[in-house]
1. Take residue 229 and decide whether it is outside the structural domain of residue 134 (by TED's automatic domain parsing), in contact (Cβ under 8 Å) with a residue 40 or more places away in the chain, within 25 Å of the chain's Cα centre (by Cα) and within 28 Å of residue 112 (Cα to Cα).
2. What strands (runs of 3 or more DSSP E), lying completely within the range 126-185, carry at least 1 residues that are within 26 Å of residue 223 (Cα to Cα) and among the basic types (Lys, Arg)?
3. For residue 231, indicate whether it is closer than 30 Å to residue 131 by Cα and aliphatic (A, V, I, L, M).
4. Suppose we filter the range 204-217 for residues that are surrounded by 15 or more Cβ atoms within 10 Å (Cβ to Cβ) and assigned to a loop (DSSP other than H, G, I, E, B); how many remain?
5. Here is a list: 192, 150. Which entry is under 30 Å from residue 96 (Cα atoms) and either in contact with a Gly (Cβ under 8 Å, 6 or more places away or on another chain) or not assigned by TED's automatic domain parsing to the domain that holds residue 229 (or both)?
6. Identify, from the list 109, 126, 138, 158, the residue that is exposed (fewer than 14 other Cβ atoms within 10 Å of the Cβ), modelled with pLDDT under 90 and in contact with an Asp or Glu (Cβ under 9 Å, 6 or more places away or on another chain).
7. Quick check on residue 172: is it loosely packed, with under 14 Cβ neighbours inside 10 Å, out of contact with any Phe, Trp or Tyr (no Cβ under 8 Å at 6 or more places or on another chain) and in the same structural domain as residue 214 (by TED's automatic domain parsing)?
8. Going through 53, 75 one at a time, which residue ends up being exposed (fewer than 11 other Cβ atoms within 10 Å of the Cβ), at pLDDT 75 or above and farther than 30 Å from residue 341 by Cα?
Amino acid sequence: MPDFTALLQTTWPALLTVALVLTGVLLARLAALRGPHGTDSIVFQLAVWLIVSAGIIALVVVLPISDETQGQVLSLLGVLLSAIIALSSTTFVANAMAGVMLQITHPFRPGDYVRVNELFGRVTKRALLNTQIQSEMRDLVTLPNLLLVTEPFTVLHREGTIISADVSIGYDQPYTRIQELLLAAGEDAGLTEPFVLVQELLDHAVVYRACGFLEDMKHPLTARSSLRKKILEQLHGNQVEIVSPGFVYQRRVDAEQRVMPEQPVLHSGENPDPQDTPEEKIFDKAEEAASVEELRVQREQLHEDLKAGREQLKQAAPEEKAALESRIAELERREAWLIGQLEREAEREN
């Protein structure tokens, strides 16, 4: 028993330091969950780093070791820190500053569709140093924030985007007829306000672009595929060959032979409805991140509504206070529910 007491007397400062660090991290996490950006917040990540770093230094100071050993350990930590900063400061600091810039400008949020160079996918997570994107192949790709600051990237508009498909048709077909068929394909694909552009006049063919507005941004891959299917149906179904004269001249077949199915889908009697949307499987993690981000946006809006409601309550007439108090109570219940949902999502992620 005396040995245990002596051990406790010598180690309690270190145990207390560890407990304080864990408590600080927990409090920072709880505070972050109540904020609009949750644990993805740059402030939360910096706070955790500072708390842990300060905790390591404090732990070395309170350990029951000699002053000489303590000085050597602190010196070693200082040398390691200096070496890390010297070797990686350029990349680390640049990515950290880029992360801060992205946090301030807020060009995208989890769940958004983005295209960076040849990569297309949905944002799943934003951090201080990098951003995670789920690609069309369902893989998770981590991009350094510096790349997103130095390279142009495209964010599909949350309120809808333009879906398009290019097709090359020979000069033997009048553009008015092709335009009519492509407009019909856009309508069949479920796009609103379809339109057709003549992109290029090549030596051997005319390049048309069929376009239309997609309102539902959950299934852009399915919408693009559907547009191309409907183009095939309309053109083949109306005896329009999708092949350039340059290709016709090279193949060893009769020049009058058409390159299309014997029975076009348009006249087959089949109902080629779109298949099950693959986006639900491809972008599963991004969809979860989008749902969490939507909860945070709703909570932020509720917070603003509550603030405005409380200000109105202070200036309201006595006969208006009862209705305002009821509305504020309902908003508070809604906010509490959203906070609970965010906390459960954070626990599930961890």
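The values are calculated or read from the model by the stated rules, or taken from the named source; none is laboratory data. These figures come from a predicted structure and were not determined experimentally. With ideal geometry, Cβ positions are generated from the backbone for all residues, glycine too; neighbour counts draw on all protein chains shown.
1. No; evaluated as a whole, the condition is false for this residue.
2. On the way: elements: 130-135, 140-144, 153-155, 161-169.
Where strands (runs of 3 or more DSSP E) fall fully within the range 126-185, none carries at least 1 residues being within 26 Å of residue 223 (Cα to Cα) and among the basic types (Lys, Arg).
3. Values: closer than 30 Å to residue 131 by Cα: no; aliphatic (A, V, I, L, M): yes.
The answer is no for residue 231.
4. 2
5. Values: 192 fails: under 30 Å from residue 96 (Cα atoms).
When all the criteria are applied, what remains is 150.
6. Exactly one of 109, 126, 138, 158 is exposed (fewer than 14 other Cβ atoms within 10 Å of the Cβ), modelled with pLDDT under 90 and in contact with an Asp or Glu (Cβ under 9 Å, 6 or more places away or on another chain), namely 158.
7. Numbers: loosely packed, with under 14 Cβ neighbours inside 10 Å: yes; out of contact with any Phe, Trp or Tyr (no Cβ under 8 Å at 6 or more places or on another chain): yes; in the same structural domain as residue 214 (by TED's automatic domain parsing): yes.
The answer is yes for residue 172.
8. On the way: 53 fails: exposed (fewer than 11 other Cβ atoms within 10 Å of the Cβ).
Within the list 53, 75, the selection yields 75.
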